[in-house]
Amino acid sequence: EMCIRDRMKGFIQSNYRIYRSVGRNGKGGVLYTGYYEPLLKGSLARSEQYRFPIYTRPRDLITIDLSLFHKKFKGEKIIGRYTDQSVVPYYDRSEIETDGVLEDKAAVLAWAKDPVDVFFLQIQGSGKVRLDNGEVFNVNYQTTNGRPYRSIGKLLIDEEKISTADMSMQKIREYLHNHPDEIDAVLNYNPSYVFFKIEPNGPLGNINVKLTPGRSIALDRRIFPPAALAFIETEKPLIDDAGQIRSWQRFSRFALNQDTGGAIRGPGRADLFWGNGPYAEIAAGHLKHTGILYFLVLKSTS
């Protein structure tokens, strides 16, 4: 094994340039979080039990590529809607969820049981829906309403409802389950809203390549090269038979930059895709550990 490792190290050093992210502190520390593919219970028919929509892209949502207007806007786009001969920001989460402004503007892929499930589906970007007739299909990110992402986890920490040490997706779910009267206010704190499409070959990242559990990472697309080969160092949970985290284990591996996300901003953030199932949900919900991020760039042969 040592011989193989030495040969690989020699091969990489001979053929690649290695770049390390400066991280969020300028010293190389990258905060790793995780995401996964949740499974929601849903129905094609709206009812008292299933009444929370998973929407597709609304018909009145428009995307404007600003680079077409001036080169200083290279890579910039805005999302909005056209009204009274002007473009205005698209509806925010509160208008969509509480006021129901999309009822005649967007198709519904399925109706879900739980608004918190729909919220976390939007955070994850893709998932599976199991219908009440037993059918299962994949839903994948299509676009957003263009509003900025705001973390409800940070809100609950700031309001001292969950401690920083205890914060996880599971803790947020537990808190909202125990305080149903706060669900609307907490979820609407994040004005960003995601629209979905059915994707038979999902889940796909933002470069339209199927994500590989444990090997696909999401980074800030404004900084890091898409599809590039990376080497990551962070931690993963070891879980007992009861599904509890026993300890965290350091690990490193090759990964590919295949995705991005509303909360993944700057050189010090990385999101690791864990796939689906119980382990993926636990790992994605609890991973918030510092690690290191390297990129391997093939040396020029000329």
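Would you kindly identify the strands (runs of 3 or more DSSP E) lying entirely within segment 9-75 that contain at least 1 residues that are farther than 20 Å from N140 by Cα?
On the way: elements: 16-20, 30-35, 39-43, 52-55, 61-65.
Because the criterion is at least 1 residues that are farther than 20 Å from N140 by Cα, the strands (runs of 3 or more DSSP E) in segment 9-75 that meet it are 16-20, 30-35, 61-65.
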> Taking segment 94-125, which residues are outside any loop (DSSP other than H, G, I, E, B) and under 21 Å from R59 (Cα atoms)?
Replying inline: S94, E95, I96, E97, V108, L109, A110, W111, V118, Q122
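Filter the strands (runs of 3 or more DSSP E) completely within segment 194-302 down to those with at least 2 residues that are surrounded by fewer than 18 Cβ atoms within 10 Å (Cβ to Cβ) and of a type outside the set (S, T, Y). I'd like the intermediate steps shown before the answer.
Working: elements: 194-198, 216-218, 229-239, 245-259, 269-273, 288-298.
Because the criterion is at least 2 residues that are surrounded by fewer than 18 Cβ atoms within 10 Å (Cβ to Cβ) and of a type outside the set (S, T, Y), the strands (runs of 3 or more DSSP E) in segment 194-302 that meet it are 194-198, 229-239, 245-259, 288-298.
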> So which of L61, L44 ends up being buried (at least 20 other Cβ atoms within 10 Å of the Cβ), under 21 Å from F195 (Cβ atoms) and at pLDDT 95 or above?
Replying inline: L61
> Is at least one residue of segment 130-138 closer than 21 Å to T33 by Cβ, among the polar types (S, T, N, Q) and out of contact with any Cys (no Cβ under 6 Å at 6 or more places or on another chain)?
Replying inline: no
> What are the pairs, 6+ residues apart or on separate chains, where a residue within segment 90-117 that is under 19 Å from T143 (Cβ atoms) has its Cβ under 9 Å from a residue that is among the small types (G, A, S) and open to solvent by 40 Å² or more (accessible area, probe 1.4 Å)?
Replying inline: Y90/G146
> What tally of residues in segment 265-279 results from selecting those that are under 13 Å from the mean Cα position of the chain (by Cα) and not basic (K, R)?
Replying inline: 6
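R93 - would you say it is surrounded by 18 or more Cβ atoms within 10 Å (Cβ to Cβ) and basic (K, R)? Show your work before the answer.
Numbers: surrounded by 18 or more Cβ atoms within 10 Å (Cβ to Cβ): yes; basic (K, R): yes.
Judged against the criteria, R93 is a match.
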> Is there any pair with a first residue in segment 251-269 that is under 15 Å from L229 (Cα atoms) and a second that is of a type in the set (F, W, Y) whose Cβ atoms are under 7 Å apart and which are 6 or more apart or on different chains, and what are they?
Replying inline: S252/F231; F254/F231; N257/F224; D259/F273
> Would you call Y50 among the aromatic types (F, W, Y), surrounded by fewer than 17 Cβ atoms within 10 Å (Cβ to Cβ), farther than 23 Å from T260 by Cβ and touching a strand residue (DSSP E or B) at 6+ places or on another chain (Cβ under 9 Å)?
Replying inline: no
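If you check E159 against the conditions, is it charged (D, E, K, R), exposed (fewer than 14 other Cβ atoms within 10 Å of the Cβ) and at pLDDT 95 or above? Even if it seems obvious, please write down each step before you answer.
Values: charged (D, E, K, R): yes; exposed (fewer than 14 other Cβ atoms within 10 Å of the Cβ): yes; at pLDDT 95 or above: yes.
Yes; evaluated as a whole, the condition is true for this residue.
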> Consider K72 against the criteria (1) surrounded by fewer than 16 Cβ atoms within 10 Å (Cβ to Cβ); (2) under 21 Å from the mean Cα position of the chain (by Cα); (3) not β-branched (V, I, T): it satisfies all of them except one. Which criterion is unmet?
Replying inline: (2)
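Determine, yes or no, whether S168 is modelled with pLDDT under 95, open to solvent by less than 10 Å² (accessible area, probe 1.4 Å) and either closer than 30 Å to F231 by Cβ or aliphatic (A, V, I, L, M) (or both). Full working, then the answer.
On the way: modelled with pLDDT under 95: yes; open to solvent by less than 10 Å² (accessible area, probe 1.4 Å): yes; either closer than 30 Å to F231 by Cβ or aliphatic (A, V, I, L, M) (or both): yes.
It is true that S168 is modelled with pLDDT under 95, open to solvent by less than 10 Å² (accessible area, probe 1.4 Å) and either closer than 30 Å to F231 by Cβ or aliphatic (A, V, I, L, M) (or both).
The values are calculated or read from the model by the stated rules, or taken from the named source; none is laboratory data. Keep in mind that this is a model prediction, so the values were computed, not measured. Note that we place each Cβ from the backbone using ideal geometry, even for glycine, and neighbour counts take in every protein chain shown. Heavy atoms of the whole protein, side chains included, go into the accessibility calculation; ligands, DNA and RNA do not. Shrake-Rupley method; radii C 1.70, N 1.55, O 1.52, S 1.80 Å.
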